[in-house]
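Notes to accompany the following structure.
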Amino acid sequence: MKNIVVLVSGGGTNLQALIDAQESGYFPNGRITCVISSNPNARALIRARDHGIATRVISPKDYSSKAQYSRVLLEALFQEYADLIVLAGFMTILDAQIIHAYQNRIINVHPSLIPSFCGPGFYGLRVHECALERGVKYTGATVHFVNEIADDGPIILQKPVAIQQNDTPETLQKRVMREAEWVILPEAVRLFCEDMLVVKGRKVSIVNEPTHIGGTI
């Protein structure tokens, strides 16, 4: 059984998708053991508590430097015996010491088909505004492992979503969440917990038989 720690900052809709998947038995080899928020007022904390999941608040504003904040967050992850860290609307960039400690054990969901509309500054409605401005016919969501560069890590899963003629950034955001993010994020967690993901360079393979992640990633 793998311990899953979810990092959040806001409303927690992706967290809710994970909670719903967990309670339906979708990933029996993993469980969400803790939700850590960078924002003490995050709605995601209420969602977690409503389902009996332990919570912590570790806010960057409470520390004098990013390095100090990262040390405290890393210690919390160690204390929670995290096997997998899921960034679900987490608005703080993780630094190298955390990424190195949990290499290929941190996943993020991004609301576009990477490498389009991603990287520094591309989050929230901004992603969908840019997709509509560019006139693309499809957007979607991506789940990827996290490395030191924003939205650059090996891609695990992607799911396209068709853009409709009358879409606004708000309607597109909601449909991408419903049709893509809430589908592929739980699936990526399931695959990880069943030891079915193998990373070689920048590519992720999904294997049919369980493999020992610690030795192959």
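The values are calculated or read from the model by the stated rules, or taken from the named source; none is laboratory data. Note that the structure is predicted; figures quoted are calculated from it, not measured. Note that each Cβ is placed from the backbone with ideal geometry, even for glycine, and that neighbours are counted across all protein chains shown. Keep in mind that these areas ignore ligands, DNA and RNA; they rest on the heavy atoms of the full protein, side chains included. Shrake-Rupley method; radii C 1.70, N 1.55, O 1.52, S 1.80 Å.
Select, from T171, T142, T92, the only residue that is in a loop (DSSP other than H, G, I, E, B) and out of contact with any Phe, Trp or Tyr (no Cβ under 7 Å at 6 or more places or on another chain). Before you say what the answer is, go through the steps one by one.
Details: T171 fails: in a loop (DSSP other than H, G, I, E, B); T142 fails: in a loop (DSSP other than H, G, I, E, B).
Going through T171, T142, T92 in turn, just one is in a loop (DSSP other than H, G, I, E, B) and out of contact with any Phe, Trp or Tyr (no Cβ under 7 Å at 6 or more places or on another chain): T92.
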Of all residues in region 73-91 being of a type in the set (A, V, I, L, M, F, W, C) and open to solvent by 50 Å² or more (accessible area, probe 1.4 Å), the one that is nearest to L197 (Cα to Cα): F78
Hits in region 84-104 - residues which are in contact with a helix residue (DSSP H, G or I) (Cβ under 8 Å, 6 or more places away or on another chain) and of a type outside the set (S, T, Y): L84, I85, V86, A88, G89, L94, D95, Q97, I98, A101, N104
Every residue from region 95-117 that is open to solvent by 20 Å² or more (accessible area, probe 1.4 Å), at pLDDT 95 or above and within 19 Å of S37 (Cβ to Cβ): N108
Checking L113 against (1) in a helix (DSSP H, G or I); (2) within 29 Å of Q158 (Cβ to Cβ), the condition it does not meet: (1)
Residue in region 46-54 that is closer than 22 Å to M177 by Cβ and open to solvent by less than 40 Å² (accessible area, probe 1.4 Å) present: yes
Residues being part of a loop (DSSP other than H, G, I, E, B), touching a helix residue (DSSP H, G or I) at 6+ places or on another chain (Cβ under 9 Å) and within 24 Å of N3 (Cβ to Cβ) - total across region 41-68: 4
Scope region 107-134; condition closer than 12 Å to V176 by Cβ, among the small types (G, A, S) and more than 17 Å from the chain's Cα centre (by Cα); matching residues: A131
Residues located in region 147-168, provided they are out of contact with any helix residue (DSSP H, G or I) (no Cβ under 7 Å at 6 or more places or on another chain) and surrounded by fewer than 16 Cβ atoms within 10 Å (Cβ to Cβ): I149, P160, A162, Q164, Q165, N166, T168
Some residue of region 171-192 being under 15 Å from the mean Cα position of the chain (by Cα) and at pLDDT below 95: no
Residue match in region 147-154 (condition: outside any strand (DSSP E or B), under 15 Å from Y123 (Cβ atoms) and within 12 Å of the chain's Cα centre (by Cα)): yes
Pair list, Cβ under 7 Å, 6 or more apart: region 185-207 residue assigned to a loop (DSSP other than H, G, I, E, B), other residue of a type in the set (A, V, I, L, M) and at pLDDT 95 or above: M196/I206; V207/M196; V207/V198
Residue count, region 118-146 (criterion: farther than 19 Å from M91 by Cα, in contact (Cβ under 8 Å) with a residue 40 or more places away in the chain and open to solvent by less than 50 Å² (accessible area, probe 1.4 Å)): 2
Matching residues in region 123-158 - criterion: being charged (D, E, K, R) and closer than 11 Å to S112 by Cβ: R126, R134, D151
